[in-house]
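Worksheet: the structure to be examined is printed underneath.
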Amino acid sequence: MKFAGTTDIAAPRDRVWAFVIDPNQVGQCGPGVESIEVIDDTHFKATAKVGIGFISARFVVNMELAEQDAPDRAVIKAHGQAPGSAVDATAAMTLSDGDAGGTRMDWNADVTISGSLASLGARLIEGTANKMIGQTFDCMKAKLEA
Amino acid sequence: MTEILQTSPEIGGMGHSVKRKEDPRFIRGKGEYIDDLTLPGMLWLDIVRSPYAHATIKGIDASEALKIPGVAAVVTGKDLEGYKLHWMPTLAGDMQMVLPTDTVMYQSQEVAAVIATSRYAAADGVAAVLVDYEPLPVVVDPHKSLEKDAPVLRPDRGEDKKTNHIWHWESGDKAAADAALEASDVRVAEDIYIPRIHVASIETCGCIADWDPVRQQLTLHMTSQAPHAIRTVLALVAAGAGLPISEQNIRVKTHDIGGGFGGKVPVYPGYVLAVAASFLIGKPVKWIEDRSENLQADSFARDYHIHAEIGATREGRIQALKVKTIADHGYSDAAADPSKFPAGLFNVITGSYDFDKAFVEVDGVYTNKPPGGVAYRCSFRVTEAVHAIERMVDILAHDVGKDPAQLRLENFIKPDQFPYKTPTGWEYDSGDYGRALHKALDLIGYADLRKEQAEKRARGELMGIGISSFTEIVGAGPSHDFDILGLKMFDSCEIRVHPTGKVLARIGVQTQGQGHETTFAQIIAQELGFPVADIKIEYGDTDTAPYGLGTYASRSTPVAGAATAVAARKIRDKARKLAAHLLEASEEDLEWTPGEFHVKGSPDRKKTIQEIAFAAYTNHPAGMEAGLEAVDYYDPPNLTFPFGSYICVVDIDKGTGEVKVRRFVAVDDCGNIINPMIVDGQIHGGLTMGLAPALYEQITYDENGNNLTGTFMDYLLPTAVETPAWELEKTVTPSPHHPIGAKGVGESATVGAPPAIANAVVDALWHLGVRNIDIPITPPKVWAILHEKGIA
């Protein structure tokens, strides 16, 4: 599944950049995130509970900041597993100057869901994923604009 | 075939609708299914399954699982590798993983087994096993699987087989078929996909493996259609692994079975895991699938991508048929077809029609899906064949502007052509196809329906009439051609008559609801005159039942039923000698009527079969062995060819695209009938299982190989609400080579129904330019067509 969008954030670009590459900050906005463990500068591990319809699963997600070109572009790769399910995702963010000193974030994500969650929740996955992505950016926007 | 004498209702031989002996326990909830059974000290096994359709296993961490109270062990492919048990042979002679050591090949494949003291602890253990996967490219489409750059899915097959192509099989004369097509006035070609479906039996698969290390005895309680074959496969696998489990110490025991339909023929990894776990731990181990495991991981059926071309004269006289098919087998060919027939009996595709020339070819292909495919209530790919030919004949009729019933009648093999040799090599035993179709046309009021259709079409209403005049091929099979893993496809019966005139008979086939306890007793009642109530039928315990290849492909009555009749006749031959001794007459002077021998011309000088049975143990003549028993291993001289004509009327909702089956007439001919009530029941069930793939069922995958139909929310089965009132009729054309003239009926309706329904839907839409709709014909598919045509 491919997703893409643009979010305007009323915060300066260096602040937005610092936020998105800090696992402890950005991680809190991930959907259902329960804990974040930083392994090194570019690797971290999250535990997140994700539910689709009547199925829910606790995922352990290994994330890697695969590319970073400060303060313009970052690519995060994620590989998560839960009993009987797995998620593999690549998300890219491109920052540019927005209106009135703000920041424009163009993002896209390629998400593959495998196993029970895909099998049993197929009809609900896209809607749920869209909702989760929306929640993630709403959270980032709220924290950065606070 | 010999003449079938009429028996009294008390005896209850052939033709009597004797109530089923098995029903009292079922309707009282006293059936005993595998999951009802609990053995002392029993452990439970549950399976960790792959979320990926294709991935490398980088590691398996069971440490957290082993901390869960009750979890006794976690078994991985590496553990099994030590015993060479990580791969096992399939019934088709391919190899299948029990547990993978490095690569998973389909979503929901077995990855590890957790053994625990309760079902719950086992499930908790499964959730706690951490498997590190690295995803690999997934091949879902069998056409893409054959492309040059497709990843090779089975490198284990060796350097010389670096392709996903499994086998090529062909039948008929290609050059002759090509020439005949070339010379035809009219050529009709179509792509027809018969989708992957699942047998979805109410009871899922499972077993209890019970290894007794002291007695060196393995008892395997299981839900299987072929217990003897399972015993032999286990013995061979154990021998290969160097385990001290030999065939005389293996007892496979089935219990009541909640539906088989072909899905309980194969050997699944779960069985081997339970046996291995019991062997390692020395306690009984139970494995029962849940519904999603059953739908996602067990053998599927169908999945044939067919391209068919038919040639005919301008008047619609059929001349040639050419068929090219791709068979999607998943990652392993785990079909249960006879060895010489990798595409089953698919070359029966010339159907009920007098084709001059035909050529059929099939290529088996690997994909990242579960292995299969089983014969789902059809005798080895006959459903696929019948659907294709019945669709093609219908398209031809519409193309040449002829009524589909008329075109069929003009092209049927005629009664005086039997035994009839098909251009693909089969010899049909008997048939009267015109009689069956005429009966169906009369019963449904065909001419009036066509008038109604014309009127409705003029008003813009969508109504269609579909016909299917199928020929089945069942009763595998003659030993010169038919074997599974080398085991010839004979079947057996052993009959013992007790001194008090009661009978115990054991058969090599296995009932899964067909009513064998009743119908096999009726065969013996027919042949020997014992009342059906005095005859007990046993099966499914390999320690006691004679060897048999099991129940599938409608082979019980054609093969084991014949063995039963022949064994009974051996007993009757001895009974005649005993009667001659008792009546002080010569054997030639005795005449048999069901239940007694009497002296010709003096009906009062007689001995009943019960008196004769008593004498066999109390007063047998000098020089004759005591007792009254016989056994027969029957090797059928040919297959049997049941047939029928079905007509279906559908109305289509223009707003929603929903197809409603208004009427469905089924005229079946299964030869001589043992129990008319049971035959009707078989046809009712079969028709419903034919309605299902026509309108509802399909296993689908997303592009990553995720099974999207893993529950009954997405895998739709018809209920009583969707099922029309079936209208049944029969004709009787006995099989000339079968001892009681029977042909088998378990699958006719499942085979014959889908094309009747599909033909009716296309018939309703033909005037809009619709030539074919692949099953299942769902409302979205029909709505999309109506929408495109500007109607919906």
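Worth a mention:
- Filter result for residue B:290 (farther than 17 Å from residue B:375 by Cα and either out of contact with any Leu (no Cβ under 8 Å at 6 or more places or on another chain) or among the aliphatic types (A, V, I, L, M) (or both)): yes
- Residue within the range B:197-211 that is farther than 30 Å from residue B:271 by Cβ and more than 14 Å from every other protein chain (Cβ to nearest Cβ) present: no
- Checked against the criteria, residue A:122 counts as aliphatic (A, V, I, L, M) and either in contact with a Leu (Cβ under 6 Å, 6 or more places away or on another chain) or surrounded by 15 or more Cβ atoms within 10 Å (Cβ to Cβ) (or both).
- So residue B:747, is it among the acidic types (Asp, Glu), closer than 29 Å to residue B:345 by Cα and touching a Gly at 6+ places or on another chain (Cβ under 8 Å): yes
- Output for the range B:593-606, where each listed residue is within 43 Å of the chain's Cα centre (by Cα) and free of Cβ contacts under 8 Å to residues at least 60 places away in the same chain: B:597
- Residue count for the range B:185-199 under the criterion of being assigned to a loop (DSSP other than H, G, I, E, B) and touching a Phe, Trp or Tyr at 6+ places or on another chain (Cβ under 9 Å): the result is 2.
- Residues that are more than 28 Å from residue B:113 (Cβ to Cβ) and either in contact with a strand residue (DSSP E or B) (Cβ under 6 Å, 6 or more places away or on another chain) or within 14 Å of chain A (Cβ to nearest Cβ) (or both), drawn from the range B:125-145: B:142, B:145
- Taking the range B:46-66 as the range and being within 30 Å of residue B:705 (Cα to Cα) and more than 14 Å from chain A (Cβ to nearest Cβ) as the test, only B:63 passes.
- Matching residues, the range B:251-308, being among the β-branched types (Val, Ile, Thr) and within 14 Å of another protein chain (Cβ to nearest Cβ): none
- Just one residue in the set B:151, B:69 is farther than 30 Å from residue B:365 by Cα, in a loop (DSSP other than H, G, I, E, B) and away from chain A (no Cβ under 14 Å); that residue is B:69.
- Applying the criterion of being within 25 Å of residue B:334 (Cα to Cα), hydroxyl-bearing (Ser, Thr, Tyr) and in a loop (DSSP other than H, G, I, E, B) to the residues of the range B:97-146, the residue that is farthest from the chain's Cα centre (by Cα) is B:101.
- Residue match in the range B:35-45 (condition: of a type in the set (A, V, I, L, M, F, W, C) and either within 14 Å of chain A (Cβ to nearest Cβ) or free of Cβ contacts under 8 Å to residues at least 40 places away in the same chain (or both)): no
- Filter result for the condition that a residue is at pLDDT 95 or above and more than 12 Å from chain A (Cβ to nearest Cβ), over B:91, B:99: B:99
- Flag for residue B:647 being over 25 Å from residue B:204 (Cα atoms), in a loop (DSSP other than H, G, I, E, B), touching a strand residue (DSSP E or B) at 6+ places or on another chain (Cβ under 7 Å) and not basic (Lys, Arg): no
- Options A:140, A:105, A:93: the member that is assigned to a helix (DSSP H, G or I) and away from chain B (no Cβ under 14 Å): A:140
- Single unsatisfied condition, residue B:83 versus (1) outside any loop (DSSP other than H, G, I, E, B); (2) away from every other protein chain (no Cβ under 14 Å): (1)
- Verdict on residue B:468 being buried (at least 18 other Cβ atoms within 10 Å of the Cβ) and farther than 28 Å from residue B:255 by Cα: yes
- Test: residue B:711 is modelled with pLDDT under 95 and among the polar types (S, T, N, Q): yes
- Residue match in the range B:324-334 (condition: crowded, with 24+ Cβ neighbours inside 10 Å and within 25 Å of residue B:258 (Cα to Cα)): yes
- Whichever residue in the range A:8-18 is touching a residue at least 12 places away in the same chain (Cβ under 8 Å) and surrounded by fewer than 18 Cβ atoms within 10 Å (Cβ to Cβ) and, among such residues, is nearest to residue B:706 (Cα to Cα): A:8
- Residue in the range B:360-381 that is over 25 Å from the mean Cα position of the chain (by Cα), at pLDDT 95 or above and either among the aromatic types (Phe, Trp, Tyr) or within 29 Å of residue B:553 (Cβ to Cβ) (or both) present: no
The values are calculated or read from the model by the stated rules, or taken from the named source; none is laboratory data. Model, not experiment: these values are computed from the prediction. Using ideal geometry, Cβ is built from the backbone for each residue, glycine included, and neighbour counts are taken over all protein chains shown.
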